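The values are calculated or read from the model by the stated rules, or taken from the named source; none is laboratory data. Predicted, not measured: the structure shown is a model, and the values here were computed from it. Positions of Cβ are backbone-derived with ideal geometry, glycine not excepted, and every protein chain shown enters the neighbour counts. The area values use the complete protein model at the heavy-atom level, side chains included, leaving out ligands, DNA and RNA. Shrake-Rupley method; radii C 1.70, N 1.55, O 1.52, S 1.80 Å.
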Amino acid sequence: IDNFHFLTMLDNIFDTGLETERLILRKLRIADDIDMFEYTSNNQITKYLEWEPHTSISQTQDFIGSALNAYNQINNAFLWGIEEKKDKKLIGVVRVFDFSKKNSRAEISYILNPFYQGKGYMVESIKTVLKFCFHELKINRIQAKCTSDNIASEWIMKKTGMKNEGLLKEFFRINGEKKDALIYSILVSEFAIKE
């Protein structure tokens, strides 16, 4: 991702805007509520996730409000909104969390509006976040998890260079059902090789 660059840098070590040719990764805004509700209310998107689809825009607004509060309160997690430059629209998020400075590791999760899936946007977003975490923050290991039946999410992990490390039995409980989790990871040394 050649035109990767930084837009801002504040107190939270992750608090940096990122940009690619097609996307801007930035803090969420209150005005993102309608765009975000498009996918948070979609049960096809949330069927693999630990939370229920939003039934009202106020739930999405509450989520954005809590994300805005968290930006200035913690520095072991960060949520980037993914804005598609052409449409000037929020199309998803990438979150880094469970950052351990001592162990030099973190985890990522992600979600994308189904209308924008299949265009490489999420792979582009994650590779940009990985580059930032590895090269600028000197993190050594980043991992991600998904339910074992979430083929699309697993494909994204593979496409970003992550490798399968195994199965966590009955790790998730989704809609009352026990679900196994696949765990993938990538090390900075492996990312450097992929680049």
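Worth a mention:
- Restricting attention to the stretch 156-195, the residues that are open to solvent by less than 100 Å² (accessible area, probe 1.4 Å) and either in a loop (DSSP other than H, G, I, E, B) or in contact with a Gly (Cβ under 9 Å, 6 or more places away or on another chain) (or both) add up to 9.
- Thr55 being at negative phi, open to solvent by 60 Å² or more (accessible area, probe 1.4 Å) and of a type in the set (Ser, Thr, Tyr): yes
- Residue check for Ile193: more than 16 Å from Glu50 (Cα to Cα) and within 17 Å of the chain's Cα centre (by Cα): no
- Taking residues in the stretch 35-48 that are among the hydrophobic types (A, V, I, L, M, F, W, C), and partners anywhere that are crowded, with 18+ Cβ neighbours inside 10 Å and assigned to a helix (DSSP H, G or I), the pairs with Cβ atoms closer than 8 Å and at least 6 places apart or on different chains are Met36/Thr60; Met36/Phe63; Met36/Ile64; Phe37/Thr60; Ile45/Tyr39.
- Some residue of the stretch 153-173 being over 21 Å from Gly81 (Cβ atoms) and in contact (Cβ under 8 Å) with a residue 40 or more places away in the chain: yes
- For the stretch 134-155, the tally of residues that are closer than 25 Å to Ile13 by Cα and surrounded by 13 or more Cβ atoms within 10 Å (Cβ to Cβ) stands at 11.
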